[in-house]
Amino acid sequence: MYDTLIENIGQLILPAEGPLKGDAMKQLEVKENMAIAFEDGKVAWIGPNEEARKLKANERVDAMEKTVTPGLVDPHTHLVFGGSRENELALKQAGVPYLEILQQGGGILSTVEATRAESETHLYEKAKQTLEQMAAHGVTTLEAKSGYGLEREAELKQLRVVKRLNEESLLDLVSTFLGPHAIPPEYKGNEEAFLDDMIRLLPEISEEGLAEFTDIFCETGVFTIEQSRRFMKASQALGFQTKIHADEIDPLGGTELAVSMGAASADHLVAASDEGIDRLAEGDTVAVLLPGTTFYLGKDYYANARKMIDSGAAVALATDFNPGSCVTYNPQMIMSLAALKMKMTPEEIWNSVTVNAAHAIGRGDVAGCLSVGRKADVVLWDVPNYKYIPYHYAANHAKAVWKNGRKVWERRGARVFSVPQPGQGC
Ligand SMILES: [Zn+2]
C-alpha cells in the first residue's frame, strides 16, 4: 500500500542525473501516460499508467492531461531581510544606475539598516511567509544567503533564521554566508579591514553549522578579484564550499576565478568574457544565471546562456529573490525570461531549474531528479506539457506540491460563481 499515487499523468518529466553540461542540457526525458507512487517520503514506483490501476494507495491523484516534474530547486535567493524598497522604483525609472544608488547609501545599504534593526523573530516570521509562497510556486529545495548584516551579530542572526527554517519547515534550505556582500558605511575606504572581519567570522559559522557555502560580491566598487580570491581561500581552508557573485556589471574575471578555485557556482555572469565562458566549459563550476535581475534592473543585455551551453558549460537558473534588484520568488517567471531573453530551449530550461540547480548547491544526489529511492519532491502542474510554462508567463501553474512525499501546497478553486461549478476546487 503506497501513501500517494499520482496517475493518468499526461507528461512525466525525468531530468537525467547531472550535472548536465553543454549538449547534455539539450536532452530531456519526457514520458507520457505514466504514474508515480510515494512511500515513506520517497519515490517508490514509476511506471506506465495501465500498471498503476492494480496498485493500492491511501491517496490517489488524477493527473489527467497534466504534467508532473521534480520539485523546483532555487539555487540563489536572499531569503532573509528586513524592510522593503518600493521607493527605489522611482529612482530606477529616472535612470539612476544601481552603483550610484549604492553610493548614495540607498540600495542594499538601506536593507542592511532594516535587517540590523529587526529582531530575529521578526525576520523569521517574514522569511517563513516567503518560504510558503516559494513552495506554492513549486520550489521544494532552495539556497538562502545572509549578507544584509555586514557585522557579526546581524550576519549570525540571518544565518540562524535560515537554520531554523531548515529545521522547522518541510522544505530543504541550503545556507550560504555572504558577509562580503557590500562595504558597510563605517568601513568605507577600509575594505581590507572589513574583509578581515568577515573572514574572522568563518570559524564560528563553521563550528555552529550555520552555513555550508560562502559567497562574495565581486564587482567594481565592491570587492576585487584579489579580495575575492583571499576570501574564497580562507573559506575553503575551513571546509566551506564557495560561490561568487561574478561579472554582473563589469567583466572583472570573477567567472575565471570561480573555475580556478573550484567554486560550486559562479552567479550572474551577464558580463562574463569569452575566456570566462570557455573556462566554465572546462571546469566543474555551475553557471547560475539570474535573468529576473537583468529584467528588474531594466537592462537590455542578458547573460549569454546560448554561448555558455553551446560551449559546453553547465547552466542553472535562479530567482535571485531579494528586496532590491529582483523582487520575485516565482521561478516560473524566470523560466519565461530564460526563453524570451536568453533564447534557452524548454529542455534546457527544465534542466536548469531542476538537476543543474541542485548541483549548484551541492544537492545533486538528493534533489532535481526523480527515480525510485529518491526523495518524493514532486510538482503537479496544471499544464498539458512541459513547454507550456515558459510560454504562459507570470502565472502560477502549480496545482499541487509534495516535499518528501507530503503535500505542502495545493491550489483551491476560486469562488467566482455563486453556484458551484463542476470541477471547482482541487
Ligand atoms: Zn544575489
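Every number in this text was worked out from the coordinates using simple rules, so none of it is lab data. Keep in mind the model is a prediction, meaning the values are calculated, not measured. Here the Cβ is made from the backbone with ideal geometry for all residues, glycine too, and neighbour counts use every protein chain on show.
Observations on the structure shown:
- Put simply, region 49-112 fits an ellipsoid with semi-axes of 50, 14, 10 Å; these come from the alpha carbon gyration tensor as the roots of five times its eigenvalues, largest first.
- Summarised in one figure, the compactness ratio Rg/Rh of region 1-147, Cα atoms and Kirkwood Rh, is 1.15.
- Take every DSSP beta bridge whose two residues both sit in the chain; close to 50 percent of them are antiparallel.
- Stokes-Einstein, applied to the Kirkwood radius of region 223-307 over Cα pairs at a viscosity of 1.306 mPa s and 10 °C, places its translational diffusion at 123 µm² s⁻¹.
- Using a simple spin-label model with pseudo-atoms 7 Å out from Cα toward Cβ, HIS122 and GLU100 lie 3.2 nm apart.
- Judged by the mean number of other Cβ atoms found within 10 Å, the most tightly packed of the peptides 373-384, 228-239 leads the ranking 373-384, 228-239.
- Residues SER175, SER371, SER273, sorted so that the one with the fewest Cβ neighbours within 10 Å comes first: SER371, SER273, SER175
- Average projection, convex hull of the Cα set of region 279-426: 11.2 square nanometres.
- For SER265, the residues whose modelled amide H falls within less than 5 Å of its own, excluding neighbours fewer than 5 places apart on the same chain, are ILE244, VAL286.
- Over the chain, the Kirkwood radius and the radius of gyration, each from Cα atoms, give a ratio Rg/Rh of 0.98.
- Remark: relative contact order (region 1-159) = 25 percent; criterion is Cα-Cα distance under 8 angstrom and separation of 6 or more residues.
- In the chain, Cα pairs under 8 Å separated by at least six residues give a relative contact order of 21 percent.
- Packing rank of 133-146, 277-290, where each peptide gets the mean count of other beta carbons within 10 Å, highest leading: 133-146, 277-290
- Packing-based ranking, highest mean first, of 148-155, 331-338 given that Cβ atoms within 10 Å are counted: 331-338, 148-155
- 5 angstrom amide H check on VAL61, placed H, neighbours 5+ away: LEU5, ILE6, GLU7
- Other residues lying with their Cβ under 14 Å from the Cβ of ARG374 contribute a combined charge of -2, Lys and Arg counting +1, Asp and Glu -1.
- Residues whose amide H falls under 5 Å from that of LYS399, counting only those 5 or more places apart or on a different chain, are LEU380, TRP381, ASP382, with hydrogens built in the peptide plane.
- Computed log10 I(q)/I(0) for region 114-191 at 0.11, 0.21 Å⁻¹: -0.31, -0.92, from the Debye equation with unit scatterers placed on every C-alpha and solvent omitted.
- Sorted ascending by nearby beta carbons within 10 Å, beginning with the fewest, PHE295, PHE38 become PHE295, PHE38.
- Full extension of the chain between PHE417 and TYR393 yields a length gain of 6.1 nm, computed as 0.36 nm times the residue separation minus the alpha carbon distance.
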